[in-house]
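Heads up: the structure comes next, in structure tokens.
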Amino acid sequence: MVYIILTMVASMNGGNTNMCGIVGYIGSKEATPILLAGLKKLEYRGYDSAGVAVIEDGGLTVVKTVGKLDKLEKKLEEFNPSGFLGIGHTRWATHGRPNDVNSHPHKGYSDDFAVVHNGIIENYLELKEQLIEERGDVFASETDTEVIAHLVENYYAGDLVEAVRKAMAVIKGSYALGVVSIHEPDKLVAARKDSPLIVGLGEGENFIASDIPAILNHTRDVYLIEDGEVVLLTKDKATILDTDNKPVERKVFHVEWDAEAAEKGGFEHFMLKEIFEQPEAFKKTLSGRIQDGKVKLDELEFTKKQVDRWEKVFIVACGTAYHSGLIGKPLIEGFLRIPVEVDIASEFRYREPLVNEKTLALFISQSGETADTLAALREAKAKGATTIAITNVVGSTISREAHKTVYLWAGPEIAVASTKAYTTMLIAQYLVSVYLAQVKGTIDKDKAEKILAALQELPDNTRKILGQKDYYLRLAESLKGCEHLFFIGRGFDYHIAQEGSLKLKEISYIHAEAYAAGEMKHGTLALVTADTPVVAIALQEKTYEKTLSNIKEVTARDAYVIGLANEGDTEILKTVNEVIYIPRIENIVSPVLAVIPLQLLAYYAACVRGCNVDQPRNLAKSVTVE
Ligand code: AGP
């Protein structure tokens, strides 16, 4: 029962991919301790800096710092802002490195307004330039959020809600905002678009937060705020205003969860939460990077001369990140027509790789701290390669050492088993390979537009798969007792099989092996019996017939075969025992969808086998040793 509600909440929050934590308070108690306690409840999501802003004796006190909350706490002992209205923030950096100045809250050009923000403002640079040009504004930070504070101050003419509305009208992107001003010390204003925001309803006090855990100690009654809505809080009243600024009636959602469940957005495990966050994560990875049918990657900006100079590409990573690189290889080879080698990082530097200044080397790492990958990066740089990091953590070591960095913006990934980071790594590689091919002039416009359109439809197509979650629980039940399992496929399907196999192994402890479907008959087929289920991935059109023949090889040995096919494929039904269908999309983009059923299968297999899903035995989230 709780799960069904939680799914509803998650979907209301758009499956919420939180990058930062927001807390706001207005009431009759001291705001600072409430803000700090609320931020501590959001720590689990990962952050790199934190801060609070409190309206104090008609003035605004902002205390913020890079680092963890204990550092902020020390600073607060020194400044100890006293007031009954305030906002707090834990930052997961997207624009601008983790440091004091880039931490939130951000002020406008005076000390009259403060803003906290969760999300990404796509057009912040353009707006920033306008404010500098038109008003000579001076900005302290590199962040997109500070632009919002300047905009609100710019539009303020005695009505804080109106000023926030006007700012919303010009900013593009995603946001959950908390805004306070010394001009209206009895009001807390908030707004939401694409990033989660809730209102906590208290007695003589009210709260805002990006996530329920932050306010559970004070109230279990919340409003779930929807896109385009603005919230006006006083200590005695919470008003939700729709896009026409009309008050909205909203049902109070009474939170039944305990604190621990709340940290997972109500999901039973972080891994399931992160699987369900994928639609939102995809939107954030794509945010601002596809414009007029072309890829826009300001963080790369290579010239044609530079791209033409590369004669070879290496893609280097570990584990799941390595598996994502296997998909990147055919993309880059196909679009740029230059050879690509994909290497496991721990092997790369011991094999005297042929790297020179005509080499492009991509290093993929969710954490950006994997020792093997960092060592490989340093090796490639020393040999003259141009290096690009693809990572999820802003300011991570890999982002500071590579020449260029493309961020996933997938939001914190807590579960050891990587899910949304893997799929957003794939999306990032589609974007990078199309971008480089556009610079080189080696991809035709139609092909690029088809791929980019398919990428933009991924969130909706992913939701269709996630909607069938109960099916995967039943399927996992049927695999509960099995000890050996094969994943087979050809080309992209084989690489998805490799990732699906790792997912199953690392959290359910079922021994699984991914095999190139055409290779089974060269030896491994000897292991196939009625007790070895086989997951056969048959999505790629150009190898479909051959894969069907390979499936017949295993069914002829009595294997139980679960096919993974495109919607509408009835042919495969004649060959396998059951079929998992995914939405039929541009074939070359189907790997992003294909892995999601395998993530769910692995997740439920681990659940039914009583394994520790989020922290599987022997494993760490980031392997910082070689
Ligand atoms: C994936 O599920 C594993 N947790 C592991 O293989 C991981 O992908 C690998 O350790 C690389 O981590 P990174 O992406 O942070 O570099």
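Taken over the stretch 456-489, the criterion of being in a strand (DSSP E or B) and not small (Gly, Ala, Ser) is satisfied by 484, 485, 486, 487, 488.
Of everything in the stretch 357-371, what is surrounded by fewer than 24 Cβ atoms within 10 Å (Cβ to Cβ), within 15 Å of the ligand (Cβ to nearest atom) and more than 17 Å from residue 411 (Cα to Cα)? Give them in sequence order. Lay out the reasoning, then the answer.
Applying the first criterion (surrounded by fewer than 24 Cβ atoms within 10 Å (Cβ to Cβ)) to the stretch 357-371 yields 357-359, 367, 369, 371.
Adding the requirement that they be within 15 Å of the ligand (Cβ to nearest atom) leaves 367, 369, 371.
Passing the criteria: only 371.
Considering only the stretch 415-431, I want to know if a residue exists there that is of a type in the set (Lys, Arg), buried (at least 19 other Cβ atoms within 10 Å of the Cβ) and in a helix (DSSP H, G or I).
First pass over the stretch 415-431, keeping only residues of a type in the set (Lys, Arg): 420.
From the residues that got through so far, the ones that are buried (at least 19 other Cβ atoms within 10 Å of the Cβ) too are 420.
Checking which are in a helix (DSSP H, G or I) leaves us with 420.
Yes, there is a match, as at least one residue in the stretch 415-431 is of a type in the set (Lys, Arg), buried (at least 19 other Cβ atoms within 10 Å of the Cβ) and in a helix (DSSP H, G or I).
Residues that are closer than 20 Å to residue 51 by Cα and assigned to a helix (DSSP H, G or I) within the stretch 131-152 comprise 145, 146, 147, 148, 149, 150, 152, listed in sequence order. State yes or no: is residue 410 small (Gly, Ala, Ser) and part of a helix (DSSP H, G or I)? Answer is no for this residue. Quick one: would you say residue 411 is in contact (Cβ under 8 Å) with a residue 12 or more places away in the chain, within 16 Å of the ligand (Cβ to nearest atom), of a type outside the set (A, V, I, L, M, F, W, C) and more than 25 Å from residue 378 (Cα to Cα)? Criteria met by residue 411.
Does residue 325 count as buried (at least 20 other Cβ atoms within 10 Å of the Cβ), part of a helix (DSSP H, G or I) and touching a strand residue (DSSP E or B) at 6+ places or on another chain (Cβ under 8 Å)? So residue 325 passes the test. Close contacts from the stretch 606-626, counting a first residue that is more than 30 Å from residue 375 (Cβ to Cβ) and a second that is among the polar types (S, T, N, Q) and in a helix (DSSP H, G or I), with Cβ to Cβ under 8 Å and a gap of 6+ residues or different chains, come to 606/508; 609/508; 611/508.
Results for (1) in contact (Cβ under 8 Å) with a residue 12 or more places away in the chain; (2) within 15 Å of the ligand (Cβ to nearest atom); (3) aliphatic (A, V, I, L, M), shown as yes or no for each residue.
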position	(1), (2), (3)
352	no, no, no
355	yes, no, yes
373	yes, yes, no
376	yes, yes, yes
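Residues of the stretch 266-282 being part of a loop (DSSP other than H, G, I, E, B) and of a type in the set (Asp, Glu), which ones? 268, 277 - these are the residues of the stretch 266-282 that are part of a loop (DSSP other than H, G, I, E, B) and of a type in the set (Asp, Glu). For residues that are assigned to a loop (DSSP other than H, G, I, E, B) and crowded, with 24+ Cβ neighbours inside 10 Å, scanning just the stretch 190-207, find the one that is modelled with the highest pLDDT. The selected residue is 197.
I want to confirm something. Restricting to the stretch 70-94 and keeping residues that are part of a helix (DSSP H, G or I) and buried (at least 21 other Cβ atoms within 10 Å of the Cβ), which single residue is farthest from the chain's Cα centre (by Cα)? Break it down stepwise before answering.
Our first condition is that a residue be part of a helix (DSSP H, G or I); within the stretch 70-94, this holds for 70-79.
So of that shortlist, the ones also buried (at least 21 other Cβ atoms within 10 Å of the Cβ) come out as 72, 76.
Numbers: 72: 26, 76: 31 Å.
If we take residues in the stretch 70-94 being part of a helix (DSSP H, G or I) and buried (at least 21 other Cβ atoms within 10 Å of the Cβ), then 76 is farthest from the chain's Cα centre (by Cα).
Condition test on residue 320, is it in contact with a Ser or Thr (Cβ under 6 Å, 6 or more places away or on another chain), under 27 Å from residue 270 (Cβ atoms) and not in a helix (DSSP H, G or I)? Judged against the criteria, residue 320 is not a match. Applying the criterion of being surrounded by fewer than 19 Cβ atoms within 10 Å (Cβ to Cβ) and among the charged types (D, E, K, R) to the residues of the stretch 230-255, the residue that is nearest to residue 266 (Cα to Cα) is 251.
Of all residues in the stretch 378-402 being closer than 22 Å to residue 66 by Cα, in contact (Cβ under 8 Å) with a residue 24 or more places away in the chain and part of a helix (DSSP H, G or I), which is nearest to the ligand (Cβ to nearest atom)? Full working, then the answer.
Taking the stretch 378-402 first, the residues closer than 22 Å to residue 66 by Cα are 391-401.
Now restrict to residues that are in contact (Cβ under 8 Å) with a residue 24 or more places away in the chain: 391-399, 401.
Now drop any that are not part of a helix (DSSP H, G or I), which leaves 397-399, 401.
Values: 397: 11, 398: 8, 399: 12, 401: 14 Å.
Across the stretch 378-402, the extreme among qualifying residues is 398.
Listed by first and then second residue, the pairs with beta-carbon distance under 7 Å, at least 6 apart or on different chains, first residue in the stretch 141-155 and at pLDDT below 95 and among the β-branched types (Val, Ile, Thr), second in a loop (DSSP other than H, G, I, E, B) and surrounded by fewer than 24 Cβ atoms within 10 Å (Cβ to Cβ), are 143/95; 143/96.
Has the stretch 472-480 got any residue that is more than 15 Å from the ligand (Cβ to nearest atom), under 17 Å from residue 500 (Cβ atoms) and free of Cβ contacts under 8 Å to residues at least 40 places away in the same chain? The answer is yes, given that some residue of the stretch 472-480 is more than 15 Å from the ligand (Cβ to nearest atom), under 17 Å from residue 500 (Cβ atoms) and free of Cβ contacts under 8 Å to residues at least 40 places away in the same chain.
The values are calculated or read from the model by the stated rules, or taken from the named source; none is laboratory data. A quick note: this is a predicted structure, and the numbers were derived from the prediction, not measured. When we count neighbours, we look across all protein chains shown, and the Cβ atoms used for this are built from the backbone with ideal geometry, even at glycine.
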